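A.B. asks: Shown below is the structure under consideration.
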Amino acid sequence: MIRTCFSMRDKRFITEHRGGLLIKEHHRQLIEWACKCAEHVFFLYDENLGARLKDALITAKDWAAGNATVGSAIKASVDAHEVARKSFNPTSIAVARSVGQAVATAHMADHSLGAAMYALKAVKNANRSIDEERKWQNEQLPSEIKELVLTTRPNKEQLIKN
């Protein structure tokens with residue numbers, strides 16, 4: 001039996017109109033939180049392709065405001081991940097991946113966790129405190145989505161270990 005990725009996803013991160021439990025406002029909050037996580041480590045990016053990453057974050061914020069399509073967010077995510085592939089510094093790669101995951105949240109809400117995890121990985125690669133960054137991320141969570149993120153987060157922590 002072949003299982004699709006959709007069937008294995010946590011229904012709490014699938015929007016209601018797709019048969020999941022996530023309401024539109026919580027989806028918007030997740031992408032805004034993901035953008036905060038990526039922006040908080042953006043200063044660690046030390047290469048000259050940062051403009052594409054900034055454009056991706058603008059697209060994510062535009063989507064949250066209802067001014068961009070999921071298609072444009074997917075394209076911006078692909079662009080951010082291309083920046084990561086062209087980077088050589090592990091910290092910069094993690095920052096670019098954090099941005100890519102943040103904007104991809106428009107397409108799949110659970111990518112918000114990837115944005116946070118790659119931000120932690122960037123902090124780790126820069127020899128900074130992961131615990132302080134995680135605490136800061138948690139403080140940015142709106143109360144409506146805090147339990148959702150905090151109960152799911154331990155399953156995603158392996159990203160920062162690799």
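A.B. asks: Does the range 76-129 come out rounded, prolate or oblate, given a ≥ b ≥ c as the square roots of the eigenvalues of its C-alpha gyration tensor, rounded meaning a/c under 1.5 and, failing that, prolate meaning a/b above b/c?
C.D. replies: Judged from the Cα gyration tensor, the range 76-129 comes out oblate (a/c at least 1.5, b/c at or above a/b).
A.B. asks: Expressed as a rounded percentage, what relative contact order does the range 25-161 have, with Cα pairs under 8 Å and six or more residues apart?
C.D. replies: Relative contact order of the range 25-161: 29 percent.
A.B. asks: If each residue's Cβ is checked for other Cβ atoms within 10 Å, how do 133, 39 rank with the fewest at the top?
C.D. replies: Working: 133 22, 39 19.
So the ranking, lowest neighbour count to highest, is 39, 133.
A.B. asks: Expressed as a whole number of Å, what is the distance separating the alpha-carbon centroids of the range 21-36 and the range 99-134?
C.D. replies: Comparing the Cα centres of the range 99-134 and the range 21-36, I get a distance of 15 Å.
A.B. asks: Number of Lys pairs in the chain with C-alpha atoms less than 17 angstrom apart, excluding same-chain neighbours closer than eight positions?
C.D. replies: Number of lysine pairs found: 23.
A.B. asks: Just from its helices, what would the mean residue ellipticity at 222 nm be for the chain, if runs of 4 or more DSSP H residues each count -39500 (n - 2.57) and the sum is divided by every residue, rounded to the nearest 500 deg cm²/dmol?
C.D. replies: Dividing the helical sum by the residues of the chain leaves -21500 deg cm²/dmol.
A.B. asks: Hey, another quick one. If one puts a single equal scatterer on every Cα of the range 25-161 and applies the Debye formula without solvent, what log₁₀ I(q)/I(0) results at q = 0.11 Å⁻¹?
C.D. replies: Once normalised to I(0) and log-transformed, intensities are -0.32.
A.B. asks: Enumerate the helices in the chain for which the Kyte-Doolittle hydropathy averages 0.5 or more and the C-alpha atoms extend at least 18 Å along the helix's axis, using complete DSSP H runs.
C.D. replies: Those that pass (Cα extent of 18 Å or more, hydropathy at least 0.5) are 90-104.
A.B. asks: Between residue 9 and residue 74, what is the FRET efficiency for a Förster distance of 25 Å, r being their Cβ-Cβ separation, to the nearest 0.05?
C.D. replies: 0.90
Only the coordinates and a few stated rules stand behind these numbers; no lab work does. Fair warning: this is a prediction, and the values are worked out from it, not measured in the lab. Every residue, glycine as well, gets a Cβ built from its backbone with ideal geometry; the counts of neighbours run over all protein chains shown.
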